[in-house]
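To keep things clear, I will list the structure first and then write my remarks on it.
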Amino acid sequence: MPKKVATNSPSPTAKIIAIINGKGGVGKTTTAFNLAAAWAEQKHRTLLVDTDPQGSASWWFERSNKTLGFDIASETDAKLLTRLPKIEGYDLVVVDTPPALRSEALAAVVNTANYLVLPTPPAPMDLAALVETVREAVIPAGVPHRVLLTRVDARSINEALEAQNTLMEQGIPACHAFIRAYKAHERAALDGVPISQWRGKNAKEAQADYRRVADELQRDWRK
Ligand SMILES: Nc1ncnc2c1ncn2[C@@H]1O[C@H](COP(=O)(O)OP(=O)(O)OP(=O)(O)O)[C@@H](O)[C@H]1O
Ligand SMILES: [Mg+2]
């Protein structure tokens, strides 16, 4: 349904939040999809843009009944992606990206984004790869950013706290909230729903994790 917009004031431009990490399988798509859903539930007009040729976010959306509260678009062309800031009719644009640090499309997204979220598991090898992503792609672009620890083993929360410390020592900002590893996340994708709509084992814990992150990021923008 078309949304009503005031015609006497120019439509404010959408905030573009890109989810990036050069490494694969770290939780980018899960984070993009669930944050888009969480912000849409808070009545922000939200668009999810799938820039990954693998199309995982689109696959997830296609499995849904398409009444998720947010819209989805697919675009992998770097030239067209530089025009993301011209999108009208949305408050927030969440961009899911491919695990390819040196791709032109990723460079286009990073350069047009207002904020970057960098999901990573807390294991030392994953963190090392992430620090490379931050140095190569994030710091040169000068875009505000925060690391988000994902797939954290619920039985060893200390690992996440240590990872947050390691990042802090390197001057890399991280979210205080983190995402624990639960099968619920895989099942929600399979069932075509964001975690907030999924019912089953550990749903409450998994939902609370993404809700906390969605709230923390919003507070960070308002500062
Ligand atoms: N917090 C979590 N707990 C358990 N499983 C998770 C969690 N986050 C993601 N997964 C699962 O891990 C796998 C990889 O996650 P996801 O697709 O989000 O990563 P990605 O970084 O987008 O991967 P790619 O680089 O291939 O695009 C998926 O099967 C997903 O369901
Ligand atoms: Mg992905």
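Out of the residues in the stretch 43-55 that are more than 15 Å from ligand 1 (Cβ to nearest atom) and either without any contact (Cβ under 8 Å) to a residue 12 or more places away in the chain or of a type in the set (S, T, N, Q) (or both), state the one that is surrounded by the most Cβ atoms within 10 Å (Cβ to Cβ).
Our first condition is that a residue be more than 15 Å from ligand 1 (Cβ to nearest atom); within the stretch 43-55, this holds for 43-47.
Imposing the further condition that a residue be either without any contact (Cβ under 8 Å) to a residue 12 or more places away in the chain or of a type in the set (S, T, N, Q) (or both) reduces the set to 43, 46.
Details: LYS43: 9, THR46: 25.
Result: THR46.
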Original post:
For the stretch 15-37, how many residues are within 17 Å of ALA214 (Cα to Cα) and surrounded by 20 or more Cβ atoms within 10 Å (Cβ to Cβ)?
Top reply: 16
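Within the group LEU106, LEU101, which residue is hydrophobic (A, V, I, L, M, F, W, C), over 26 Å from ALA38 (Cα atoms), out of contact with any strand residue (DSSP E or B) (no Cβ under 8 Å at 6 or more places or on another chain) and within 13 Å of ligand 1 (Cβ to nearest atom)? Quick ask: steps written out before the conclusion?
Details: LEU106 fails: over 26 Å from ALA38 (Cα atoms).
The match here is LEU101.
Among the residues of the stretch 167-191, count how many are surrounded by fewer than 17 Cβ atoms within 10 Å (Cβ to Cβ) and in contact (Cβ under 8 Å) with a residue 60 or more places away in the chain.
The first filter runs over the stretch 167-191 and keeps only residues surrounded by fewer than 17 Cβ atoms within 10 Å (Cβ to Cβ), leaving 168-171, 173, 176, 183, 186, 190-191.
Next, only the ones that are in contact (Cβ under 8 Å) with a residue 60 or more places away in the chain stay: 190-191.
Result for the stretch 167-191: 2.
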**OP:** For the stretch 183-193, state whether one or more residues are assigned to a strand (DSSP E or B), closer than 14 Å to PRO121 by Cβ and not aliphatic (A, V, I, L, M).
**Re:** no
Subject >> Failed criterion for ASP215 (all others in (1) modelled with pLDDT of 95 or more; (2) in contact with a strand residue (DSSP E or B) (Cβ under 8 Å, 6 or more places away or on another chain) hold) >> reply: (2)
Original post:
How many residues does the stretch 193-211 contain that are within 16 Å of TRP59 (Cβ to Cβ) and either more than 19 Å from the chain's Cα centre (by Cα) or away from ligand 2 (no atom under 16 Å from the Cβ) (or both)?
Top reply: 1
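Let's see how each residue does on (1) hydroxyl-bearing (Ser, Thr, Tyr); (2) in a helix (DSSP H, G or I):
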site: THR133; (1), (2): yes, yes
site: LEU148; (1), (2): no, no
site: ALA160; (1), (2): no, yes
site: ALA163; (1), (2): no, yes
site: ALA177; (1), (2): no, no
site: ASP220; (1), (2): no, yes
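Please go through the stretch 33-64 and give me each residue that is among the aliphatic types (A, V, I, L, M) and farther than 14 Å from PRO194 by Cβ, ordered by number.
Let us first name the residues in the stretch 33-64 that are among the aliphatic types (A, V, I, L, M), namely 35-38, 40, 47-49, 57.
Residues satisfying the conditions are LEU47, VAL49.
Residue-wise test of (1) modelled with pLDDT under 95; (2) outside any loop (DSSP other than H, G, I, E, B).
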residue	(1), (2)
ALA57	no, yes
TRP60	no, yes
ASN65	yes, no
LEU80	no, yes
TYR90	no, no
VAL94	no, yes
LEU101	yes, no
ALA107	yes, yes
ALA129	yes, yes
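Of these, ALA108, ALA40, which one is buried (at least 17 other Cβ atoms within 10 Å of the Cβ), away from ligand 2 (no atom under 16 Å from the Cβ) and farther than 26 Å from ASP215 by Cα? Steps first, please.
Working: ALA40 fails: farther than 26 Å from ASP215 by Cα.
Going through ALA108, ALA40 in turn, just one is buried (at least 17 other Cβ atoms within 10 Å of the Cβ), away from ligand 2 (no atom under 16 Å from the Cβ) and farther than 26 Å from ASP215 by Cα: ALA108.
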Original post:
Would it be correct to say that PRO121 is surrounded by fewer than 20 Cβ atoms within 10 Å (Cβ to Cβ), in contact (Cβ under 8 Å) with a residue 24 or more places away in the chain and not aliphatic (A, V, I, L, M)?
Top reply: no
**OP:** Return the pairs, sorted by first residue and then second, in which the second residue is within 11 Å of ligand 2 (Cβ to nearest atom) and among the hydroxyl-bearing types (Ser, Thr, Tyr), the first residue lies in the stretch 13-38 and is assigned to a loop (DSSP other than H, G, I, E, B), the beta carbons are less than 9 Å apart, and the residues are 6+ apart or on different chains.
**Re:** ILE20/THR97; ASN21/THR97
**OP:** Keeping to the stretch 59-72, report how many residues are within 16 Å of ligand 2 (Cβ to nearest atom) and surrounded by 18 or more Cβ atoms within 10 Å (Cβ to Cβ).
**Re:** 3
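The values are calculated or read from the model by the stated rules, or taken from the named source; none is laboratory data. Everything quoted here is computed from the prediction, not taken from an experiment. Cβ coordinates were reconstructed from backbone atoms using ideal geometry, including for glycine residues, and neighbour counts include every protein chain displayed.
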